[in-house]
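Asker: Once you've had a glance at the structure underneath, I'll fire off some questions.
The values are calculated or read from the model by the stated rules, or taken from the named source; none is laboratory data. Because the structure is predicted, anything quoted here is derived from the model rather than measured. For neighbour counting, all protein chains shown are included, and Cβ atoms are generated from backbone atoms with ideal geometry for every residue, glycine included.
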Amino acid sequence: MSERQTLTFLSKTLERAGLQPKTKYGQNFLVDLNLLKILIDGADLSQQDIVLEIGTGLGSLTKTMATKAGAIVTVEVDRDLQALATKELKPFPNVRLLSCDALRNKNHLRPEVLDSVKEGLRRIEGSKFKLVANLPYNVATPILSNLLTETPLVERMVVTIQKELGERIIAKPSCKDYSALSIWMQAQCDCEILRVLPPTVFWPQPKVDSAIIRLIPNPQKRARIVDLEFFHTRLRAMFFHRRKFLRSEVFTTMKDILTKPQVDEILESLNLAPNLRAENLTVEQMIELIEACRLKGNQNATS
């Protein structure tokens, strides 16, 4: 593992360039080399992999992955860091560095990022798309969530994020952390926190604990969701007012396609008490409920 991710190297390199880590970009560099190894090992990289990294920094993680993967697409929004990383990554022809925001908006990745990934997939026969990154905290949720709606579908995601976000992703029903994000991720992925990280392993030190999480899309899980866009949109709406009782929340979410009697009929058919709340439903129950609403709505539209 390169020494270039050490605190001394990072601080001196930025100091020579007259730079400091920028809070607005969520720049917290992982400086424990053993933890970088856990991040990379969790991705199980091979020469058949096209890796997307968001948050290049000075390119330390990028360079290590470049020796293991077929190609790297790495994205850095900070033009000052991008200039430094360009010099560091010059010896690696399989690395493409993009200077842009990885997100087009909160619901979509920037097209040129995905186009670069697709180009790599076309060049390497039988290749797989993976996300491996020390994700900036301020973009972690939309990056992870949106990649499950994009084409090509990511094969796995191994990233450092806020511990609080990791706990939300793996949360169980009827607890405060359980949310639309929990259901969205668990409905499609096998989710596992690999390691909890204290603030001391980063520079500058964040005010919260972090975690390395691995998310692997599961085809059998995804197959349960017939209309991914419908499910995603209605699922988020189901948690807009999470203290509402289920009957009221379902009608508010589905009132453009269902009547109140039809909502009651669906809840009864699924043995869901109307005084439950969305946060009480398991992932499987939420999938069944939203799909039943979709089917009834389609029947209404064609009758």
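Asker: Can you tell me which residue is surrounded by the fewest Cβ atoms within 10 Å (Cβ to Cβ) among those in the stretch 20-61 that are of a type in the set (Val, Ile, Thr) and over 15 Å from Val117 (Cα atoms)?
Answerer: The residue in question is Thr23.
Asker: Among the residues of the stretch 211-235, write down those that are under 30 Å from Ile38 (Cβ atoms) and of a type in the set (Val, Ile, Thr).
Answerer: Ile212, Ile213, Ile216
Asker: Hey, another quick one. Only one of Asp177, Asp209 is free of Cβ contacts under 8 Å to residues at least 24 places away in the same chain, acidic (Asp, Glu) and in the same structural domain as Gly57 (by TED's automatic domain parsing); which?
Answerer: One residue alone meets the criteria, Asp177.
Asker: Of the conditions (1) surrounded by fewer than 17 Cβ atoms within 10 Å (Cβ to Cβ); (2) without any contact (Cβ under 8 Å) to a residue 40 or more places away in the chain; (3) polar (S, T, N, Q), Gln262 fails just one. Which one is it?
Answerer: Against the list (1) surrounded by fewer than 17 Cβ atoms within 10 Å (Cβ to Cβ); (2) without any contact (Cβ under 8 Å) to a residue 40 or more places away in the chain; (3) polar (S, T, N, Q), Gln262 comes up short only on (1).
Here's the yes/no breakdown for (1) buried (at least 17 other Cβ atoms within 10 Å of the Cβ); (2) assigned to a helix (DSSP H, G or I); (3) assigned by TED's automatic domain parsing to the domain that holds Tyr25:
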| position | (1), (2), (3) |
| --- | --- |
| Ile213 | yes, no, yes |
| Phe240 | no, no, no |
| Arg243 | no, no, no |
| Val250 | yes, yes, no |
| Ile266 | yes, yes, no |
| Leu272 | yes, no, no |
| Met286 | yes, yes, no |
| Leu295 | no, yes, no |
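Asker: Further question: On the given criteria, is Ile183 part of a helix (DSSP H, G or I), surrounded by 19 or more Cβ atoms within 10 Å (Cβ to Cβ), within 21 Å of the chain's Cα centre (by Cα) and β-branched (Val, Ile, Thr)?
Answerer: Criteria met by Ile183.
Asker: Related question: Of the numbered conditions (1) part of a helix (DSSP H, G or I); (2) modelled with pLDDT under 95; (3) of a type in the set (D, E, K, R), Glu150 fails exactly one; give the number of that condition.
Answerer: Of everything listed in (1) part of a helix (DSSP H, G or I); (2) modelled with pLDDT under 95; (3) of a type in the set (D, E, K, R), Glu150 misses just condition (1).
Asker: When the residues of the stretch 252-264 are filtered to those that are of a type in the set (Val, Ile, Thr) and in a helix (DSSP H, G or I), which remaining residue is farthest from Lys296 (Cα to Cα)?
Answerer: Thr252
Asker: In the stretch 4-32, how many are in contact (Cβ under 8 Å) with a residue 40 or more places away in the chain and part of a loop (DSSP other than H, G, I, E, B)?
Answerer: Residues meeting the conditions: 9.
Asker: Right, Lys63: in contact (Cβ under 8 Å) with a residue 40 or more places away in the chain, in the same structural domain as Leu35 (by TED's automatic domain parsing) and not hydrophobic (A, V, I, L, M, F, W, C) or not?
Answerer: So Lys63 fits the description; yes.
Asker: Take the residues in the stretch 86-96 that are in contact with a helix residue (DSSP H, G or I) (Cβ under 8 Å, 6 or more places away or on another chain) and modelled with pLDDT of 95 or more, then tell me which one is surrounded by the most Cβ atoms within 10 Å (Cβ to Cβ).
Answerer: Selected residue: Val95.
Asker: Also, quick follow-up: Condition (residue is small (Gly, Ala, Ser) and more than 25 Å from Pro142 (Cβ to Cβ)) applied to the stretch 105-118: is it met by at least one residue?
Answerer: No - not one qualifying residue is present in the stretch 105-118.
Asker: Go over the candidates Lys118, Lys128 one by one and state the one that is touching a residue at least 40 places away in the same chain (Cβ under 8 Å) and of a type in the set (Lys, Arg).
Answerer: Testing whether each residue is touching a residue at least 40 places away in the same chain (Cβ under 8 Å) and of a type in the set (Lys, Arg) leaves just Lys128.
Asker: Determine whether Thr200 is crowded, with 21+ Cβ neighbours inside 10 Å, closer than 26 Å to Lys63 by Cβ and of a type outside the set (A, V, I, L, M, F, W, C).
Answerer: So Thr200 fails the test.
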